[in-house]
Amino acid sequence: MWYNLTMSKYILSIDQGTTSSRAVIFNRRGRIKAIAQQEFKQIYPQAGWVEHSPQDIMGSVMAVTAEAVARAGILCEDIKAVGITNQRETTLVWDAKTGKPVYNAIVWQCRRTAGLCAELKKTHADIIYEKTGLIPDAYFSATKIKWILDNVPNARARAERGELLFGTVDTFLMWQLSKGGIFATDYTNAARTMLFNIHTLEWDEELLKLFLIPRAMLPEVYPSGHKFGYTHKSVLGAPVEICGVAGDQQAALFGQLCTEAGDLKNTYGTGCFLLMNTGDKAVKSRNGLVTTLGATLTGRPPYVLEGSVFVGGAVIQWLRDGLKLISSADESEKLSLKAKDNGGVYIVPAFTGLGAPYWDADARGTVTGLTRGTTAEHIVRAGLESIAYQVCDLVCAMQKDAGINVTRLAVDGGASKNNFLLQFQADILGCVTARPETVETTALGAAYLAGLCSGYWKSLEEIKNNVRAGKVFTPCMTEDMRKKLLDGWEKAVKKARTV
Ligand code: ADP
């Protein structure tokens, strides 16, 4: 009995995202006890450049942590462990002694190294894909680090003397939260730097030479569930152990309990992120998907296939703010149901080109099938359906690449609250879509990792037993109708494409 009384009751999950930081306190049943969120400034020094102030990142994390703990009405002794999940690829370089960053954080969206990456694509695409599973792009950290070393006065000389450290946001947070005590990252974050060999599970010497990055700048790499070290007592009042770290998409995959080969999840946010666990097999994609690493507690991390849709929920923002056909995103559901069918209308929201499996940067958006009978409802419905078609294209590509037949798609993200969208997705895929009760899957994934590694939860089974089923959408469309709609989509995509 005494054991129960003194047992820590909660897990703190810190979710450091692209536009905001959140702290979530989870209880033993994996339910949210308290949550706090704070947005911070996006810095655009030039067209296409995106930065964050490291002070803003830290300040918002400290503020939401304090707020969530206060809202939960708990003491630091009540927190068994801390989990961290973060915007991936975003790059920081700081002084190894003082912790002072030498430059702002260069955000994953920042295109400042796009020229260099276009060159690399011509000369080193194969070797980079072989080693890292990635297609050379300015998203990934490698060229951002190089940019800092090449452009910040003295940075390269200092880095070569071992005076500077590099980290993605997880590493920076751990270093700051431990006052320099922890300099580490996890496989899921390391895999997005374009410097980490996902087969040997080591920083790759050849790539470090290619990008002229000194090895001494790089953190140690561990599984996502790992006892990384303790937060400094000033953070929570007493030291608390950090036991789980994963990049946001892989954290969501774990939060959805996609721990077996063939499990996959889609996050419907501004864009969509589809990730499939492929177990111990590093699947090579013939459709331009990237191969990366997933979260694990012990041993080798699972391989993951990843693809993204550039314009997902953003098409609903366009219907609302651009066309003014709806006044809120929620309204799209009601109007779509009112339309009964798409009236032959298809929208291909290739506003910034088409990604996997088409890879056509010059493609632009199209609306096809307009007649005198087309209504606003048809257009809105075509907008929602376009999200599902794009995800369907990605799922099909993944199925082909992995040789796995998908029977269930776990879903989350802002647009996943739209029941019409999820039913249409199930119909068009011909497989079940499943929305969990807690859609905070990113924070939950980091909490699961921290909770399992610290012994707060004994096993995945214990967690699974506590998960309350959310809503499951079962396909109910006839095969003929499905074929007809997919055929219409294919024709619309052809019209949008330039290659
Ligand atoms: P992000 O993390 O990318 O900022 P969120 O997960 O918060 O995105 O989701 C926001 C996106 O979801 C927006 O693009 C918005 O248009 C869309 N969205 C929100 N609610 C709905 C809804 N009920 N139906 C369709 N889309 C929605």
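The values are calculated or read from the model by the stated rules, or taken from the named source; none is laboratory data. Every value quoted in this text rests on a predicted model; they were computed, and no experiment measured them. Ideal geometry is used to build each Cβ from the backbone, glycine not excepted, and the neighbour counts take in all protein chains shown. Surface areas here come from the heavy atoms of the whole protein model, side chains and all, with no ligands, DNA or RNA. Shrake-Rupley method; radii C 1.70, N 1.55, O 1.52, S 1.80 Å.
Observations on the structure shown:
- Inter-residue pairs, beta-carbon under 8 Å, first more than 13 Å from the ligand (Cβ to nearest atom) and in the stretch 383-402, second acidic (Asp, Glu) and open to solvent by 10 Å² or more (accessible area, probe 1.4 Å), 6+ apart: none
- Verdict on LEU421 being away from the ligand (no atom under 16 Å from the Cβ) and crowded, with 24+ Cβ neighbours inside 10 Å: no
- Which numbered condition PRO357 fails, given (1) more than 16 Å from the ligand (Cβ to nearest atom); (2) touching an Asp or Glu at 6+ places or on another chain (Cβ under 8 Å); (3) at pLDDT 95 or above; (4) over 30 Å from THR298 (Cα atoms): (3)
- Within the stretch 63-78, the presence of a residue that is within 16 Å of the ligand (Cβ to nearest atom), of a type outside the set (A, V, I, L, M, F, W, C) and either at positive phi or at pLDDT 95 or above (or both) is excluded.
- Every residue from the stretch 248-274 that is away from the ligand (no atom under 15 Å from the Cβ) and outside any helix (DSSP H, G or I): LEU257, CYS258, THR259, GLU260, ALA261, GLY262, ASP263, LEU264
- Test: residue in the stretch 455-464 that is without any contact (Cβ under 8 Å) to a residue 40 or more places away in the chain, part of a helix (DSSP H, G or I) and among the charged types (D, E, K, R): yes
- One residue stands out among those in the stretch 316-336 that are near the ligand (Cβ under 8 Å from one of its atoms) and open to solvent by less than 40 Å² (accessible area, probe 1.4 Å): the one that is farthest from PHE351 (Cα to Cα), which is SER332.
- Residue under evaluation GLU377, criteria (1) more than 13 Å from the ligand (Cβ to nearest atom); (2) surrounded by fewer than 16 Cβ atoms within 10 Å (Cβ to Cβ); (3) over 23 Å from LEU275 (Cβ atoms); (4) not hydrophobic (A, V, I, L, M, F, W, C), criterion not met: (2)
- Residue that is farthest from the chain's Cα centre (by Cα), among those in the stretch 8-37 that are open to solvent by 40 Å² or more (accessible area, probe 1.4 Å), within 16 Å of the ligand (Cβ to nearest atom) and closer than 24 Å to PRO239 by Cβ: ILE35
- Single match in THR407, THR366 (criterion: away from the ligand (no atom under 16 Å from the Cβ) and either of a type in the set (Asp, Glu) or exposed (fewer than 15 other Cβ atoms within 10 Å of the Cβ) (or both)): THR407
- Verdict on LYS265 being under 17 Å from the mean Cα position of the chain (by Cα) and basic (Lys, Arg): yes
- Within the stretch 203-211, not a single residue is at positive phi and either among the hydroxyl-bearing types (Ser, Thr, Tyr) or more than 24 Å from the chain's Cα centre (by Cα) (or both).
- Every condition in (1) of a type outside the set (Asp, Glu); (2) at pLDDT below 95; (3) on the phi < 0 side of the Ramachandran plot holds for VAL395 except the one numbered (2).
- Across the stretch 225-248, the qualifying residues are those that are over 12 Å from SER454 (Cα atoms) and surrounded by 24 or more Cβ atoms within 10 Å (Cβ to Cβ), and the one among them that is farthest from the chain's Cα centre (by Cα) is THR231.
- Remark: pairs (first residue in the stretch 487-499, outside any helix (DSSP H, G or I); second residue of a type in the set (Gly, Ala, Ser); Cβ separation under 7 Å; 6+ apart in sequence or on different chains) = ARG497/ALA363; THR498/ALA363.
- PHE183 being closer than 11 Å to PRO219 by Cβ, in contact (Cβ under 8 Å) with a residue 24 or more places away in the chain and open to solvent by 20 Å² or more (accessible area, probe 1.4 Å): yes
Yes or no, residue by residue, for (1) under 19 Å from ARG408 (Cβ atoms); (2) open to solvent by 10 Å² or more (accessible area, probe 1.4 Å); (3) in contact with a Lys or Arg (Cβ under 8 Å, 6 or more places away or on another chain):
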site	(1), (2), (3)
ALA252	yes, no, yes
GLY262	yes, yes, no
LEU275	yes, no, yes
LYS284	no, yes, no
ASN287	no, yes, yes
GLY294	yes, no, no
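- Of the residues examined, GLY313 is one that is open to solvent by less than 50 Å² (accessible area, probe 1.4 Å) and within 12 Å of the ligand (Cβ to nearest atom).
- Any chance ARG71 is closer than 30 Å to GLY30 by Cα, in contact (Cβ under 8 Å) with a residue 24 or more places away in the chain and open to solvent by 70 Å² or more (accessible area, probe 1.4 Å): yes
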